[in-house]
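Below is one structure, written out as structure tokens; comments come after it.
The values are calculated or read from the model by the stated rules, or taken from the named source; none is laboratory data. None of these values were measured; they are calculated from a predicted model. Methodologically, a virtual Cβ is constructed for each residue, glycine included, from the backbone with ideal geometry; neighbour enumeration extends over all protein chains shown. Each accessible area value is taken on the protein alone, full model and side chains, heavy atoms only, with ligands, DNA and RNA left out. Shrake-Rupley method; radii C 1.70, N 1.55, O 1.52, S 1.80 Å.
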Amino acid sequence: MALSRLSSSSASRCVDLLINPLAAAAAAIPRRLISSDTTPITVETSVPFSVHNCDGPSRSVETTPKELVSFFKDMATMRRMEIAADSLYKAKLIRGFCHLYDGQEAVAVGMEAAITKKDCIITAYRDHCTFLGRGGTLLECFSELMGRKAGCSKGKGGSMHFYKKDSGFYGGHGIVGAQIPLGCGLAFAQKYSKDENVTFALYGDGAANQGQLFEALNIACLWDLPAILVCENNHYGMGTAEWRAAKSPAYYKRGDYAPGLKVDGMDALAVKQACKFAKEHALKNGPIILEMDTYRYHGHSMSDPGSTYRTRDEISGVRQERDPIERIRKLVLSLDLATEKELKDMEKEIRKEVDDAIAKAKESPMPDPSELFTNVYAKGFGTEVYGADRKEVRSVLP
């Protein structure tokens with residue numbers, strides 16, 4: 001018989017198909033790949049935009065199946081990276097400060113979808129996922145977190161000081177609010193150069209009361225700079241709820257004369273629409289404030305358990321009702337752009353990519369001690385380094 005020439009597993013499958021005609025029909029249907037279609041589709045944002053001194057964008061967002069699937073993949077990668085960073089920190093492979101972004105991924109992904117790499121982004125110390133969104137690699141991320149040479153800042157910046165100038169990412173900054181005037185300076189350079197690009201200066205609700213924010217906004221508005229100030233409002237500073245720190249927690253209105261927009265920062269499509277609107281506005285009319293209503297799942301930093309000033313029920317409630325990845329997963333499934341199994345397989349592949357990047361980062365050497373003297377002073381000036389007594393020249397920098 002013909003069946004006798006088949007392997008036992010093949011023979012068993014043939015028998016199953018003969019007995020079960022539905023299985024035979026399913027086997028005859030070619031496996032559908034995850035959608036990479038670029039045909040435009042329109043999706044409505046989860047909630048309306050709240051506006052201040054402007055009309056605001058439409059709730060109807062144009063996207064494509066390919067973009068929606070990429071949103072899922074990018075956010076899942078960011079989430080997995082941050083969870084892995086948490087484990088590496090607890091294993092003491094990451095030292096110093098470490099601020100995780102899980103829960104806020106829609107802001108990084110949605111913003112990136114609305115702009116180009118010629119537009120600038122500058123942010124605070126919760127910067128890992130913003131760097132990844134700007135085109136950074138997992139290897140660069142984990143190497144920098146572990147202080148290795150292969151890191152994006154050559155292992156000298158650590159968690160708070162990621163940097164990628166060639167993609168318009170001017171870093172994470174450790175001084176609360178200090179990146180805002182720097183961002184306005186970038187916007188000044190863009191206007192001076194007439195290059196039709198904008199700068200997004202990101203800060204948290206904890207930094208929203210800093211005086212330098214209002215000083216920078218004042219001069220940016222006077223000069224109509226293409227600056228977009230983005231308050232990532234995750235509702236807690238360093239353990240302090242927004243309502244305890246700010247008399248007016250409606251941060252999108254606090255620019256007074258500057259228009260503002262409140263956005264559901266857990267909806268990647270809403271973020272994309274808001275950032276697209278903000279870019280067009282800033283190029284024509286000057287600064288605008290975006291308040292991203294988002295949420296962090298981890299504590300402020302790794303030294304903060306994140307549960308002493310909020311309940312675990314609150315955290316789990318946000319996960320169940322507003323999680324940005326689950327929202328996109330449901331949308332992808334409802335539009336039949338991928339199956340549940342395909343998305344789970346994608347997540348497994350992401351986990352493998354993260355694990356591989358960690359393994360490679362561990363192989364990267366630590367920076368040479370001489371690197372302490374690089375990227376500090378301009379070269380060629382013969383700067384001399386003295387000892388504590390100021391009598392003996394210890395070194396002459398190149």
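Below are the figures for this structure:
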{"item": "Residues that are closer than 22 Å to residue 277 by Cβ and either within 12 Å of the chain's Cα centre (by Cα) or hydroxyl-bearing (Ser, Thr, Tyr) (or both), drawn from the stretch 49-82", "result": "50, 58, 60, 63, 64, 70, 71, 74, 75"}
{"item": "Of all residues in the stretch 160-218 being out of contact with any helix residue (DSSP H, G or I) (no Cβ under 8 Å at 6 or more places or on another chain) and on the phi > 0 side of the Ramachandran plot, the one that is surrounded by the most Cβ atoms within 10 Å (Cβ to Cβ)", "result": "168"}
{"item": "Matching residues, the stretch 317-335, being among the basic types (Lys, Arg) and surrounded by 18 or more Cβ atoms within 10 Å (Cβ to Cβ)", "result": "322, 327, 329"}
{"item": "Matching residues in the stretch 347-398 - criterion: being closer than 25 Å to residue 88 by Cβ and hydrophobic (A, V, I, L, M, F, W, C)", "result": "350, 354, 357, 358, 359, 361, 366, 372"}
{"item": "Residues satisfying the stated conditions in the stretch 46-60, i.e. under 22 Å from residue 255 (Cβ atoms) and in contact (Cβ under 8 Å) with a residue 12 or more places away in the chain", "result": "47, 49, 50, 51, 52, 53, 54, 56, 57"}
{"item": "Number of positions in the stretch 340-398 that are basic (Lys, Arg) and outside any helix (DSSP H, G or I)", "result": "4"}
{"item": "For residue 280: the one exception among (1) over 17 Å from the mean Cα position of the chain (by Cα); (2) open to solvent by 10 Å² or more (accessible area, probe 1.4 Å); (3) touching a residue at least 24 places away in the same chain (Cβ under 8 Å)", "result": "(3)"}
{"item": "Whichever residue in the stretch 348-394 is small (Gly, Ala, Ser) and over 26 Å from residue 158 (Cα atoms) and, among such residues, is most open to solvent (accessible area, probe 1.4 Å)", "result": "388"}
{"item": "Candidate set from the stretch 295-316 (those that are farther than 25 Å from residue 77 by Cβ and of a type outside the set (Lys, Arg)); member that is least open to solvent (accessible area, probe 1.4 Å)", "result": "307"}
{"item": "Hits in the stretch 58-78 (condition: charged (D, E, K, R) and touching a Phe, Trp or Tyr at 6+ places or on another chain (Cβ under 9 Å))", "result": "59"}
{"item": "Where residue 245 falls short, out of the listed (1) within 22 Å of residue 53 (Cα to Cα); (2) open to solvent by 40 Å² or more (accessible area, probe 1.4 Å)", "result": "(1)"}
